[in-house]
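The values are calculated or read from the model by the stated rules, or taken from the named source; none is laboratory data. All figures in this text were calculated on a predicted structure; none of them were measured in a lab. Methodologically, a virtual Cβ is constructed for each residue, glycine included, from the backbone with ideal geometry; neighbour enumeration extends over all protein chains shown. Surface areas here come from the heavy atoms of the whole protein model, side chains and all, with no ligands, DNA or RNA. Shrake-Rupley method; radii C 1.70, N 1.55, O 1.52, S 1.80 Å.
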Amino acid sequence: MAVLSKIRQRSMLLIGVIGFCLFAFIIGDLFHSNLFSGQTRTVGSVNGEKITIEDFRQKVDNVEKSGQQISATQAVNNVWNQEVSIALVKAEFEKLGIMASEDMVMDNLKQVLGLDQDPKFQTAGKFDKVKFEEFLKGNPEAKQAVELRKKDAQLSAQFQVYSSLIKAGSYTTTGEAKLKYEMETDKVTFDYVAVAYSTIKDSDVKVSDDEILAYMKKDEKKYKAEEMREVDYVVVEEKASKADEDAVKNEVNALLTSHAESNNGVVDTVPSFKSASNVADFVNKNSDSDRPFDSTYVAKNQLPVQFAEQLFNLPTGEVFGPYMDGQYYCLTKSLGRKAGVNARASHILLAYKGAMRANPAVTRTKEEAAAKANELLAQINTNPDSFMMLALTNSDDGSKQQGGDLGFFTKGKMTPKFEDFVFNNPVGKVGLVETEFGYHIIKVTEKQDAIKLATIARKIQPSDATTNDIYTKASKFEQDAEKKSFEAVAKENKLTISPAAKVKAMDESFGTVGAQRQIVKWAFDKETNVGDIKKFDVVNVGHVIAKLKKINPEGLTPIADARLAIEPILKNKKKAEMIKAKMKGATLEAIATSNATTVATATDLTLESAVLPTGGQEQRVVGTAFAIGVNKVSAPIDGATGVFVVRTKSVTKAPAITDYKDYVSKMNAQNASAAGRVLEALKSNAEIEDNRKMFY
């Protein structure tokens, strides 16, 4: 009673404490939620146009459900790229006043949805818009789906107009075509002295971080880098121990002999694999569930390569093994061999109008197809070696690109009449068969015997005890690394620290462990600081212990990363000055002597083909030879591979022509891809805010 009395006395205090805790929990949650944290509800913006998270998530969800077999992160990135592109081009459409007519939208819809090929929307073999609209009136769901598609079709139609405008603006003048002709045809012959940059050791030339930074600042757009994280990590693999391996091997080896087994006091004799009467049951009872009994016949080339010979020639009833097939420890028993199970054939298909799956472009009648087929058959019988060429030039089938070759197939894979001919005739037989697809001239090219095998396969994998030990080891590593250096703990545990993984905010792949979005998200979490350590459990790998090594903010590429590309350029510039200081002499011969080299000659080079005999494309050198005049000696030239001095011997001008249309066409073809490059140009000049990492 005293206890109850105290509880009653303090009930208000207890309620107050509980209330305060709940209030603190709610307030804490609010501060971490969007309401107080100031987190945006937009996934990003393009030139001020916001992309709302609700709309974005719906589109990502649609992509994930579309059956494209892509990951959630890939879906997010695909939708983001699409939304940015759409926002950019829509702004261009608006500025330029680009519209899409109803007919253009309908043409786009017909193409995307394949409406032209649907018989229910056709009249006299052509698309009937009235029939299509009547269909939509009676099908509200289809109408709604088409309305959604219309938005995409309108954008696509507008972009076609936009692309046409860009292509029309990307033209080649006669002057440009003339220059192209001269660059390809004008020729120059010259003597030269070359001193390669490689004559000076790289170790003799130093490039500072400041020099690399200054070089990048000259072209900041080129060397712009996204925000990045560098993460050190070790992998504690979840792999079977020697004891696990021995246990599996002992269990499989025991199946080679019969043995007694007690069940509720009753002793039964368990047969060996070789003596088992019901092989299918024996395999299914003793093999892993992912490797059950398979009753199909297999060809030799379908067997494990290193054991194919032994398995294929195994006598019926005999057992081969044990052997390792990947991670599986196996025993295999032969259940017999059968001749001609797989067949290979080539064919020439002569389709006709109305035949199944006939290309709409096929207009010949059935009678014409039969006549043509008999004509080709006669040619092949006269000259059997002509089959491949006749298939390439006459077949109405996709296999024509392979000379009619259909590869190997088993019974049940082809239409019955075709299959009957192939499997009931010897190799080399050629004949004519009619099927629902048209007339086939068939050549049987190869047949394979096959064998039926019963295989018991047990995967060697870690036991529960081993898995627990590995988990404990990984957890201890994480704890120890928080107190001591990451490197020291790795050394103590005989683990290797992998090269730092460099990841961007929306990356999915992480170092050598593949798709691990969880690690990337942790590295970019605002609560994760440099030096922080965390363990991640990775399916089919084990455990990854990660340490955030470095945060590279958005801006110029980190100097350490840029050095690999920029340092050789700056070194060559310094080497060029060192080489030029030694290029003394009034003649090429004198310069060659002072640099312990010889005078070389380049004959009939053009600006388009400026490869010197000593190697390397050197357009600046060849251009200088054209420019300085005959018998003149140039100043030292900084080339791609070294420093050059040239003396022009002769210049042969291209013959004058009056029509440059071929060169105009050639250059216009190069401009054809201009529309495809516009999006990247628009992106590089746009103000794009990307908040995806806050939501995904």
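Kindly establish whether GLU567 is over 30 Å from SER650 (Cβ atoms), surrounded by fewer than 16 Cβ atoms within 10 Å (Cβ to Cβ) and out of contact with any Cys (no Cβ under 6 Å at 6 or more places or on another chain). So that I can check it myself, show each step before the final result.
Numbers: over 30 Å from SER650 (Cβ atoms): yes; surrounded by fewer than 16 Cβ atoms within 10 Å (Cβ to Cβ): no; out of contact with any Cys (no Cβ under 6 Å at 6 or more places or on another chain): yes.
Taking the combined requirement at face value, the residue does not satisfy it.
With respect to MET414, is the statement that it is free of Cβ contacts under 8 Å to residues at least 12 places away in the same chain and part of a strand (DSSP E or B) true?
In short, no.
Would you pick out the residues in the stretch 105-125 that are under 25 Å from GLN158 (Cβ atoms) and open to solvent by less than 70 Å² (accessible area, probe 1.4 Å)?
Result: VAL105, MET106, ASN108, LEU109, LYS110, LEU113, GLY114, LEU115, ASP116, PHE121.
Counting just the residues of the stretch 458-515 that are within 30 Å of ASP561 (Cα to Cα) and of a type in the set (S, T, N, Q), which one comes out least open to solvent (accessible area, probe 1.4 Å)?
So the residue we want is SER498.
For residues that are assigned to a loop (DSSP other than H, G, I, E, B) and open to solvent by 80 Å² or more (accessible area, probe 1.4 Å), scanning just the stretch 262-293, find the one that is farthest from THR410 (Cα to Cα).
ASN264
Just checking, which of GLY336, GLY317, GLY340, GLY412 is in contact with a strand residue (DSSP E or B) (Cβ under 7 Å, 6 or more places away or on another chain) and more than 30 Å from GLU251 (Cα to Cα)?
Just one listed residue meets the conditions, GLY340.
Scan the stretch 207-229 residue by residue and report those that are open to solvent by less than 100 Å² (accessible area, probe 1.4 Å) and free of Cβ contacts under 8 Å to residues at least 12 places away in the same chain.
Those that are open to solvent by less than 100 Å² (accessible area, probe 1.4 Å) and free of Cβ contacts under 8 Å to residues at least 12 places away in the same chain: SER208, ALA214, ASP219.
Among the residues of the stretch 313-339, write down those that are over 14 Å from LYS452 (Cβ atoms), assigned to a loop (DSSP other than H, G, I, E, B) and in contact (Cβ under 8 Å) with a residue 60 or more places away in the chain.
Answer for the stretch 313-339, where residues must be over 14 Å from LYS452 (Cβ atoms), assigned to a loop (DSSP other than H, G, I, E, B) and in contact (Cβ under 8 Å) with a residue 60 or more places away in the chain: just GLN327.
Considering only the stretch 438-466, state which residues are part of a helix (DSSP H, G or I) and either over 21 Å from ASP246 (Cβ atoms) or not β-branched (Val, Ile, Thr) (or both). Give the derivation first.
Residues of the stretch 438-466 part of a helix (DSSP H, G or I): 464-466.
The answer is ASP464, ALA465.
Of the residues that make up the stretch 337-355, is at least one surrounded by fewer than 17 Cβ atoms within 10 Å (Cβ to Cβ) and farther than 30 Å from PHE273 by Cα?
Yes, some residue in the stretch 337-355 is surrounded by fewer than 17 Cβ atoms within 10 Å (Cβ to Cβ) and farther than 30 Å from PHE273 by Cα.
Which residue is farthest from GLU94 (Cα to Cα), if the candidates are limited to the stretch 129-154 and must be over 41 Å from the mean Cα position of the chain (by Cα) and either aliphatic (A, V, I, L, M) or not in a helix (DSSP H, G or I) (or both)?
GLY138
Restricting to the stretch 294-312, give me the number of residues that are β-branched (Val, Ile, Thr), open to solvent by 40 Å² or more (accessible area, probe 1.4 Å) and outside any loop (DSSP other than H, G, I, E, B).
Initially, the stretch 294-312 is screened for residues β-branched (Val, Ile, Thr), giving 296, 298, 305.
From the residues that got through so far, the ones that are open to solvent by 40 Å² or more (accessible area, probe 1.4 Å) too are 296, 305.
Filter again for outside any loop (DSSP other than H, G, I, E, B), leaving 305.
Selection size over the stretch 294-312: 1.
Take the residues of the stretch 59-75 that are within 18 Å of GLN516 (Cα to Cα) and not in a helix (DSSP H, G or I): which is least open to solvent (accessible area, probe 1.4 Å)?
SER71
Residues ASP469, ASP480: which one is more than 15 Å from ALA546 (Cα to Cα) and either in a helix (DSSP H, G or I) or in contact (Cβ under 8 Å) with a residue 12 or more places away in the chain (or both)?
ASP469
Would a scan of the stretch 546-563 turn up a residue that is under 30 Å from ASN81 (Cα atoms), hydroxyl-bearing (Ser, Thr, Tyr) and buried (at least 18 other Cβ atoms within 10 Å of the Cβ)?
Scanning the stretch 546-563 turns up at least one residue that is under 30 Å from ASN81 (Cα atoms), hydroxyl-bearing (Ser, Thr, Tyr) and buried (at least 18 other Cβ atoms within 10 Å of the Cβ).
Are there any pairs with C-beta distances below 6 angstrom linking a residue in the stretch 230-254 that is closer than 12 Å to TYR329 by Cβ and without any contact (Cβ under 8 Å) to a residue 12 or more places away in the chain to a residue that is in a helix (DSSP H, G or I) and among the hydrophobic types (A, V, I, L, M, F, W, C), with the two at least 6 apart or on different chains, and if so which?
The qualifying pairs do not exist here.
Consider ASN425 against the criteria (1) more than 14 Å from ARG344 (Cβ to Cβ); (2) open to solvent by less than 80 Å² (accessible area, probe 1.4 Å): it satisfies all of them except one. Which criterion is unmet?
Exception for ASN425: condition (1).
How many residues are more than 17 Å from GLY676 (Cβ to Cβ) and either surrounded by 15 or more Cβ atoms within 10 Å (Cβ to Cβ) or not basic (Lys, Arg) (or both) when one looks only at the stretch 151-169?
Count: 4.
Please list, ordered by first then second residue, the pairs with beta carbon atoms under 6 Å, 6 or more apart or interchain, first in the stretch 396-410 and touching a residue at least 24 places away in the same chain (Cβ under 8 Å) and open to solvent by 50 Å² or more (accessible area, probe 1.4 Å), second among the polar types (S, T, N, Q) and outside any strand (DSSP E or B).
Pairs found: LEU406/SER399.
Checking GLU184 against (1) part of a strand (DSSP E or B); (2) open to solvent by 50 Å² or more (accessible area, probe 1.4 Å); (3) of a type in the set (Asp, Glu), which single condition isn't satisfied?
Answer for GLU184: the failing condition is (1).
Just to check your reading of the model, which residue among MET356, MET389 is more than 30 Å from ASN253 (Cα to Cα), among the hydrophobic types (A, V, I, L, M, F, W, C) and in a helix (DSSP H, G or I)?
Among MET356, MET389, only MET389 is more than 30 Å from ASN253 (Cα to Cα), among the hydrophobic types (A, V, I, L, M, F, W, C) and in a helix (DSSP H, G or I).
If VAL195 satisfies every condition in (1) over 17 Å from GLU577 (Cβ atoms); (2) not in a helix (DSSP H, G or I) but one, which is the exception?
Going through the list (1) over 17 Å from GLU577 (Cβ atoms); (2) not in a helix (DSSP H, G or I), VAL195 breaks only (1).
Any idea how many residues of the stretch 652-696 are hydrophobic (A, V, I, L, M, F, W, C), open to solvent by less than 50 Å² (accessible area, probe 1.4 Å) and not in a helix (DSSP H, G or I)?
Selection size over the stretch 652-696: 3.
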